[in-house]
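Worksheet: the structure to be examined is printed underneath.
What follows is calculated from the coordinates using simple rules that are stated; it is not laboratory data. Because the structure is a prediction, the values reported are computed rather than measured.
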Amino acid sequence: MTTTTKITCITETATTWIDENNNSWNKINYTFDDAYRISSTLTNCTNCEDCTSCENCENCVGCTDCTDCTGCNELDSCDSIEEL
């Protein structure tokens with residue numbers, strides 16, 4: 001069963017927007033509205049940076065449409081990849 005986390009808060013630092021699951025988006029490339037909208041495309045993801053439309057991922061950077069990934073960097077449509 002897939003659960004979706006509804007994001008209710010986006011906070012900011014000097015350089016990033018951060019959601020409740022510690023996923024973040026660089027302020028140079030994303031507006032507050034972008035971060036809020038994109039945050040809702042992540043399902044059960046934590047500590048990811050500049051990612052979109054991913055599920056069950058953690059510690060990834062710049063990924064899109066990935067599932068069950070850990071520590072990935074700039075991947076697209078990958079599934080169950082773990083970089084060591």
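Evaluate 2.2 N^0.38 Å with N set to the residue count of region 10-84, then give the Cα radius of gyration divided by it. Each step should come with its number before you reach the end.
On the way: Rg = 11.2 Å, N = 75, 2.2 N^0.38 = 11.3 Å.
Here the Cα radius of gyration is 0.98 times the empirical estimate.
Helical content alone sets the calculated 222 nm signal of the chain at -2500 deg cm²/dmol, taking -39,500 (n - 2.57) per DSSP H segment of four or more residues and averaging over every residue.
Subtracting the Cα-Cα distance from 0.36 nm times the residue separation, let me have the gained length for Asn29 to Cys9 in nm, one decimal. That pair, Asn29 and Cys9, stretches by 5.3 nm at full extension.
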